[in-house]
Every structure is written in C-alpha cells, then in structure tokens.
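Contents: one structure, followed by commentary.
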Amino acid sequence: MNLILIGFMGSGKTTVGQLLAQTLGYTFADTDQLIEAGEEMTISEIFAQNGEGYFRQLETLIMEEISHTMQNAVLSVGGGLPMTENNHKYFKKIGKVIYLKVSEQTVINRLRGDSGRPLLSGDDATEMIYRLLSQRHPTYQMLADMVIDTNDLQPEEVVNEIIRMIDETEEGSE
Ligand code: S3P
C-alpha cells in the first residue's frame with residue numbers, strides 16, 4: 001500500500017509526509033525533490049529557465065515512473081500536480097489519496113517570506129493564493145479518499161489523524 005498527500009502549497013505535505021513515513025516505517029518520496037534531483041536545479045530555476053509547461057511535463061514523467069516502482073511509501077506531490085488531468089490515472093494506480101486542506105489565511109501565514117515557490121513570488125501573491133486555491137480545491141476534493149483540515153493542527157496531530165482514519169477504514173472493510 002502507498003499513501004499520497006495532495007493539497008495546496010503550504011499545506012504541510014512534505015513535513016507531514018516525512019513524519020508519516022517515519023511513523024509507519026514506510027519510505028518517503030516528494031515529486032518536487034525528485035524533479036530537482038533529476039534536473040540538478042531548484043524548482044525556481046526550472047520555472048525561470050524552462051517555464052511552467054516544462055515543469056508540468058516533468059511532473060507527469062515522474063508520476064509515470066513512480067506508478068511502476070512505489071511500494072509501502074508515502075508520496076507528497078506538488079500543489080499543482082493534481083491539476084493535470086493526465087496525472088489522475090496514476091493516483092488511482094499508486095494508492096490512497098489524502099487531501100491536506102488549508103485556508104487561504106493559513107497559506108499566507110505559513111508562506112510569508114518564502115522564496116521557493118515561483119507561482120507566489122510576484123507582488124500579487126495574496127491574490128494568487130485566493131485564485132489558485134479556489135480553482136484547485138474542487139479537484140483536490142474530488143481525488144481524495146480522505147480529507148483532513150490541517151489549519152489548527154501540528155504535523156504530529158495530522159499524522160495521528162491520518163493513522164486514525166486509515167485504521168477506521170480498515171476496520172470498516174473487515
Ligand atoms: C506548485 C507547488 C510547489 C511546486 C511548484 C508549483 C503549485 O510544490 O511544485 O512551485 O503549482 O502549486 P508544493 O505544493 O510542495 O509547495
């Protein structure tokens with residue numbers, strides 16, 4: 001079994017994913033980290049040099065690769081990856097999808113001063129957060145097997161909640 005974490009930038013996918021993997025004894029992978037390692041560039045450099053379209057193609061290539069190789073792992077995916085419809089088939093193939101839900105205000109608070117997200121690097125970052133989050137939320141929701149509101153939770157609490165929900169699902173299917 002694999003678990004996939006989806007959600008907006010700043011929803012805690014990477015932090016929670018690492019902790020969740022550690023707790024379950026699973027391996028951890030993150031699409032942004034795999035892309036950066038493969039390209040030997042940061043996400044910001046890839047956007048600046050090759051553009052967003054190129055980055056989105058890399059996301060799909062990585063998902064294709066992962067869908068053949070992942071086992072007993074937690075995968076955290078970039079916030080925009082679920083918006084490419086072509087990637088949806090990989091989610092189903094890889095495992096259970098967990099949506100870490102956050103409000104616009106939480107994203108603004110958590111990402112204040114962050115310079116690693118090219119989509120939020122302009123003067124209109126707040127407007128972008130509102131626009132992108134409302135555009136993306138229905139897709140995140142649609143893909144999710146489980147949804148967790150993480151606004152008031154620490155990463156450890158999110159992990160406990162995920163494990164509780166998985167146990168509940170498994171008990172229900174026995
Ligand atoms: C993006 C989210 C980022 C990264 C890239 C684009 C997006 O990942 O993939 O900057 O479109 O939301 P995180 O969600 O891990 O910040």
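Data table
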quantity	calculated
Under 16 Å from Lys89, Cα to Cα: aspartates and glutamates that are on another chain or at least 8 residues apart	Glu59, Glu64, Glu65, Asp145
Acute angle (nearest 10 degrees) that the helix 125-143 long axis makes with the longest principal axis of the chain, alpha-carbon atoms	30 degrees
At R0 = 35 Å, FRET efficiency that the Cβ-Cβ distance of Asn72 and Asp124 yields, to 0.05	0.25
Residue among Met41, Met142, Met128 with the largest mean-square fluctuation in a Gaussian network model of the chain, springs linking Cα atoms under 10 Å	Met142
Label point distance in nm, Thr139-Met41, each placed 7 Å from Cα along Cα→Cβ	2.2 nm
Spherically averaged projected area of the chain from its Cα convex hull (nm²)	9.9 nm²
Summed residue charge, Cβ within 12 Å of Gln105's Cβ, Lys/Arg positive, Asp/Glu negative	0
Cα-based reach from Lys101 at 12 Å (exclusive), listing aspartates and glutamates while leaving out same-chain residues under 8 positions away	Asp149, Asp152
Burial ranking of peptide ranges 120-127, 148-155, 60-67 (average Cβ count within 10 Å, highest at the top)	60-67, 148-155, 120-127
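Values in this text are rule-based calculations from the coordinates and carry no lab data. Note that the structure is predicted; figures quoted are calculated from it, not measured. Cβ atoms come from the backbone with ideal geometry, glycine included; neighbour counts cover every protein chain shown.
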